[in-house]
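Undergrad: One structure, as structure tokens, below. Some questions next.
The values are calculated or read from the model by the stated rules, or taken from the named source; none is laboratory data. Computed from a predicted structure; not experimentally measured. Here Cβ is always computed from backbone atoms with ideal geometry, including for glycine, and neighbour counts include all displayed protein chains.
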């Protein structure tokens, strides 16, 4: 009888162990399935943000293409969107990263609504000027006032918080300069006369970033795809960055204008130069210029 009791107890124990094993397996499979579903949803959501950014870029391309002389504000805004698209392509697919890009997208959407409305008004004004030759002088004065107003509004937009936890750069411009012995700098488009490349941008105000010493990495690439200046490397995670110069500044919770100089590796080449600004591994602004 004692043997029967022992067998019964053993069977009960084995039964309980089997139930626990099956329950653990079911829970593990369910958890794995939910993890895959979450990752797929994040990937799909990232693609939706990418689609929205591409659609926004297309709207800018159409607006820029409608004018023989492109509105510089539209060109700069288009470049910022392209920088965000490039950054999103290589970003990690997680909730924190995706939320940050959504915030940036919403900020750029508001900016686009304002700039395109202003561009439409400017295009209508130009059309009216072309058909009103008798009032050309008056209309040109009005256009000058309007353009000044547009520049003031664009500077105000540059100070709008992007709702991100990193500092960015707006209004990025690069150009060649002649350096006189007196220290005077003269802008030039001639490669043969260029002594240095001057890079200027505005660090936009961001209330999410505390005041203190900050730095951005400036990269200038010549027509032969060489990185000018220091051409030193720094690694952020798995990404290696070649930079021309480190722009160091003290951020005081206000927009800040920054200019840096990048030297060449001998004589400057004729052709297209690309200027990029990185906040660590993140590309925050890009622009280009040409030396003849």
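Undergrad: Give the residue, chosen from 225, 206, that is outside any strand (DSSP E or B), out of contact with any strand residue (DSSP E or B) (no Cβ under 7 Å at 6 or more places or on another chain), under 16 Å from residue 257 (Cβ atoms) and assigned by TED's automatic domain parsing to the domain that holds residue 245. Explain how you work it out, then say what you get.
TA: Working: 225 fails: under 16 Å from residue 257 (Cβ atoms).
Selected residue: 206, the only one of 225, 206 that is outside any strand (DSSP E or B), out of contact with any strand residue (DSSP E or B) (no Cβ under 7 Å at 6 or more places or on another chain), under 16 Å from residue 257 (Cβ atoms) and assigned by TED's automatic domain parsing to the domain that holds residue 245.
Undergrad: Any idea which residue in region 75-101 is modelled with the lowest pLDDT, counting only those that are touching a strand residue (DSSP E or B) at 6+ places or on another chain (Cβ under 8 Å) and over 16 Å from residue 166 (Cα atoms)?
TA: 90
Undergrad: Yes or no: region 167-177 includes at least one residue that is at pLDDT 90 or above, surrounded by fewer than 20 Cβ atoms within 10 Å (Cβ to Cβ), part of a loop (DSSP other than H, G, I, E, B) and assigned by TED's automatic domain parsing to the domain that holds residue 242.
TA: no
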